[in-house]
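The values are calculated or read from the model by the stated rules, or taken from the named source; none is laboratory data. Worth saying up front: this structure is predicted, and the values here are computed from it rather than measured. Here the Cβ positions follow ideal geometry from the backbone for every residue, glycine too, while neighbour counts run over all protein chains shown.
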Amino acid sequence: MSDKTRALLETTPVQAFARLLPLMLLLAACKPVPDAEPPKVAPAATTQAVAHTAYPTRAYFGDTHVHTGWSVDAGTEGVVTTPEEAFRLARGDEVTSNTGRPVKLKRPLDWMAITDHSDGMGTISEVIARNPEMMADPVVRGWSDALRSGDEHRMHDAAMDLIRHQANGKTPDVMEDPKWMGSAWQKTIVIADKYNAPGKFTAFIGYEWTVNANGGNNLHRNIIYRDGADKAKQMLPLTTFQSQDPETLWAWMEDYERKTGGRVLAIPHNGNLSNGRMFEEQRFDGRPLTREYAQTRARWERLFEVVQIKGQSESHPRLSPNDAYANWDLWDAGNLVGLPKQPGMLRTEYWREALKSGLRLDRELGANPFKLGANGATDTHTGLPTAEEDNFWGKFRGVEPSATRWQPTVLGSGPAAKRGSDMVSAGYMGVWATANTREALWDAMQRRETFATTGTRMTLRFFGGFNFSAEDLKDLVANGYAKGVPMGGDLSASPQRAKAPTFLIAAMKDGDGANLDRVSIIKGWVDAEGQTHEKVWDVKWSGARAPDAKGKLPDVGNTVDLRTATYKNTIGAPELIAAWTDPEFDPRVRAVYYVRALEIPTPRWTAYDVVRFHSKMPASVQMTLQERGFTSPIWYTPMAGHR
């Protein structure tokens, strides 16, 4: 670690909250967050026997991105859920929403992480609760009075005044004291240990490091711990008050592992709102990329958030014009505060393009900085991790279910503004792990044996190898592990000896959901001139359809009845299984492959709202969707000496 980086980690400049989420500009209401006593750890959480399997036989579904009222932006908007209520909901309990109504998941999650923002964690709760030390400052006391008043105009003015103080570096000293975050952090990790029940439900410790570079360019990362409170309590989370440079975060992660013996990983999320900065091909401060940078980023950042409530970051029709299914849930007009996109920004925002660019950079630098598996999460700011279309509780308190929640602006402004109807009821991540424990799940994330979905609980298998045949489909899982590598893995061979790889693919429908339309393989590669390319192959599909002369597979059909927000599983297939060999394989060329699976069309959450609340929405509001899933990739690299 350099002296410069170490200095950044050990200092806390007077900038507190200057870089807090621009979403605070959208505040509407506010209630104090209860300051509960830290609960005791349940003995069952540490003593229960756990059954492990030799290799993963089950996908465990969960959410890596959940905010409660202890996040400053959620708290100032009136969110009152704590990590305790969030974990209870995730494991299957009924809880009370922020608008006072009962809410329960139709199916519990297997695991979840609370990722409240480290910047200002716990501070707004103290302001609203009129902490005596806070109230000694007249400015803070004025904000507290306004935020507790219930008068939306006063509350808005107070929030704007707080932001002005932050932007000018004049935040009252009492609000910069790290003890407020320390207190909230200790409570958070103790609660996670309380609800962690190995073999039944895994409660991860985590936080969000929230960089909004250059006025709202989203470079956020979620930090997920493999550890319990005994290790996590030894170091406070990093904040952007110390640095906005991701290299400082990676140095913090290295320090944490060295000092505690623990393990952490970082998950970058929704690059679609980064205005080109998520996968820019330079360092944060503008210096050129190096091999060391690429290796460090690849070490700490193993997954990428492909989909969440704020849209998808898989690909874009301008980047993938030959992909008929790239045009879905696009939030592509601006960044978090609505600053518009400029030409060229899209290329360095999306996962598929980053996977291709990583191949080129690997050849140039000798390391791939964008070797990222698939992650899906909600980014809910209600403490309610709901990604079901017919049970979607929105991103913010102000857009919990109601007849008019489709109307308000939820992000940005002007042409880049997004309203409630644009919210995406997504997503979750499936993890192929040997047991439902922190250690087994985290290890699977580390090796990228994961797949992202838009909220459906379809399951996806993906293996690659040079010795597979169609016969291996008879025992796909055992043969996949014995003769190849799973999703997230690497294939390598000498170009003189390599034959085309074969991939084993299995998609199973959500047991309570819709049938499957098709499974496709997306391939990216880099040619001898350093140009990147991509191609989409439909590998297996339902019904008796056949591709036309141009290779286009007809649509699966549509059984949705918008009058009742229902559909019929009379089309599609419950499972799609195939062995596919790359017909255009060049053993000299770096390549990356991943699987995308589509369900048949089903009602979107907006359609359910129309029926439930008799809402009147414009014809432009989307009413149906095709839920989908994405596997982590498999990479092919020619053996050393054949670059």
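Look through G430, G455 and report the one residue that is touching a Leu at 6+ places or on another chain (Cβ under 9 Å) and buried (at least 21 other Cβ atoms within 10 Å of the Cβ). Walk me through it before giving the result.
On the way: G455 fails: touching a Leu at 6+ places or on another chain (Cβ under 9 Å).
Just one listed residue meets the conditions, G430.
Name the residues in segment 306-328 that are closer than 19 Å to H65 by Cα and out of contact with any Ser or Thr (no Cβ under 7 Å at 6 or more places or on another chain), would you? Write out each step before concluding.
We begin by selecting, within segment 306-328, every residue closer than 19 Å to H65 by Cα; these are 306-314.
Those that are closer than 19 Å to H65 by Cα and out of contact with any Ser or Thr (no Cβ under 7 Å at 6 or more places or on another chain): K310, G311, Q312, S313, E314.
Take R360 and decide whether it is more than 30 Å from R226 (Cα to Cα), assigned to a helix (DSSP H, G or I) and modelled with pLDDT of 95 or more.
Numbers: more than 30 Å from R226 (Cα to Cα): yes; assigned to a helix (DSSP H, G or I): yes; modelled with pLDDT of 95 or more: yes.
Answer is yes for this residue.
May I ask you to list the residues in segment 395-421 that are within 30 Å of A203 (Cα to Cα) and in contact (Cβ under 8 Å) with a residue 60 or more places away in the chain?
K395, F396, R397, G398, E400, P401, V410, L411
Please go through segment 243-269 and give me each residue that is more than 26 Å from E439 (Cα to Cα) and either in contact with a Gly (Cβ under 8 Å, 6 or more places away or on another chain) or at pLDDT 95 or above (or both), ordered by number.
Matches in segment 243-269: D245 only.
Taking segment 597-636 as the search range and keeping residues that are of a type in the set (S, T, N, Q) and out of contact with any Ser or Thr (no Cβ under 6 Å at 6 or more places or on another chain), which one is surrounded by the fewest Cβ atoms within 10 Å (Cβ to Cβ)? Before the answer, list the steps.
Initial filter on segment 597-636 (of a type in the set (S, T, N, Q)): 602, 606, 615, 620, 622, 624, 626, 631-632.
Filter once more, so that each one left must be out of contact with any Ser or Thr (no Cβ under 6 Å at 6 or more places or on another chain): 602, 615, 620, 622, 624, 626, 631.
On the way: T602: 23, S615: 19, S620: 6, Q622: 15, T624: 17, Q626: 20, T631: 30.
By that ranking, first place goes to S620.
When segment 297-335 is examined, which residues are found to be more than 21 Å from M429 (Cα to Cα) and outside any loop (DSSP other than H, G, I, E, B)?
R297, G334
Can you list the strands (runs of 3 or more DSSP E) lying wholly within segment 540-643 that have 2 or more residues being under 25 Å from the mean Cα position of the chain (by Cα)?
591-599, 628-631, 634-638
Table: residues versus (1) at pLDDT 90 or above; (2) over 19 Å from the mean Cα position of the chain (by Cα); (3) in the same structural domain as H220 (by TED's automatic domain parsing).
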position: T46; (1), (2), (3): no, yes, yes
position: A51; (1), (2), (3): no, yes, yes
position: T68; (1), (2), (3): yes, no, yes
position: G75; (1), (2), (3): no, yes, yes
position: P132; (1), (2), (3): yes, yes, no
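In segment 471-481, is there at least one residue being hydrophobic (A, V, I, L, M, F, W, C), buried (at least 17 other Cβ atoms within 10 Å of the Cβ) and assigned to a strand (DSSP E or B)?
no
Report whether or not G511 is over 30 Å from P317 (Cβ atoms), outside any strand (DSSP E or B) and out of contact with any Asp or Glu (no Cβ under 8 Å at 6 or more places or on another chain). Reasoning before the result, please.
Working: over 30 Å from P317 (Cβ atoms): yes; outside any strand (DSSP E or B): yes; out of contact with any Asp or Glu (no Cβ under 8 Å at 6 or more places or on another chain): yes.
In short, yes.
A quick yes/no check of all residues on (1) over 23 Å from I309 (Cα atoms); (2) in contact (Cβ under 8 Å) with a residue 40 or more places away in the chain; (3) not assigned by TED's automatic domain parsing to the domain that holds A184:
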site: A229; (1), (2), (3): yes, yes, no
site: Q234; (1), (2), (3): yes, no, no
site: S243; (1), (2), (3): yes, yes, no
site: W250; (1), (2), (3): yes, yes, no
site: Y256; (1), (2), (3): yes, no, no
site: K259; (1), (2), (3): yes, no, no
site: V264; (1), (2), (3): yes, yes, no
site: R277; (1), (2), (3): no, yes, no
site: L289; (1), (2), (3): yes, yes, no
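If you take just the helices (runs of 4 or more DSSP H) that sit entirely in segment 46-147, which of them hold at least 1 residues that are in contact with a helix residue (DSSP H, G or I) (Cβ under 7 Å, 6 or more places away or on another chain) and of a type in the set (D, E)? Steps first, answer last, please.
On the way: elements: 72-76, 83-91, 123-128, 132-135, 138-147.
The helices (runs of 4 or more DSSP H) meeting that bar are 72-76, 83-91, 123-128, 132-135.
Give N217, N196 a once-over and let me know the one that is assigned by TED's automatic domain parsing to the domain that holds Q242 and either of a type in the set (D, E) or at pLDDT below 95 (or both).
Values: N196 fails: either of a type in the set (D, E) or at pLDDT below 95 (or both).
Going through N217, N196 in turn, just one is assigned by TED's automatic domain parsing to the domain that holds Q242 and either of a type in the set (D, E) or at pLDDT below 95 (or both): N217.
With surrounded by 15 or more Cβ atoms within 10 Å (Cβ to Cβ) and either touching a residue at least 12 places away in the same chain (Cβ under 8 Å) or touching a Gly at 6+ places or on another chain (Cβ under 7 Å) (or both) as the only criterion, which of K540, K552 stands out?
Details: K552 fails: surrounded by 15 or more Cβ atoms within 10 Å (Cβ to Cβ).
Exactly one of K540, K552 is surrounded by 15 or more Cβ atoms within 10 Å (Cβ to Cβ) and either touching a residue at least 12 places away in the same chain (Cβ under 8 Å) or touching a Gly at 6+ places or on another chain (Cβ under 7 Å) (or both), namely K540.
Could you check segment 245-275 and list, in sequence order, the residues that are under 21 Å from G216 (Cα atoms), in contact with a strand residue (DSSP E or B) (Cβ under 8 Å, 6 or more places away or on another chain) and outside any helix (DSSP H, G or I)?
Our first condition is that a residue be under 21 Å from G216 (Cα atoms); within segment 245-275, this holds for 245-249, 266-275.
Checking the rest, the ones that are also in contact with a strand residue (DSSP E or B) (Cβ under 8 Å, 6 or more places away or on another chain) come to 246, 249, 266-275.
Once the filter is applied, which keeps residues that are under 21 Å from G216 (Cα atoms), in contact with a strand residue (DSSP E or B) (Cβ under 8 Å, 6 or more places away or on another chain) and outside any helix (DSSP H, G or I), segment 245-275 yields A266, I267, P268, H269, N270, S274, N275.
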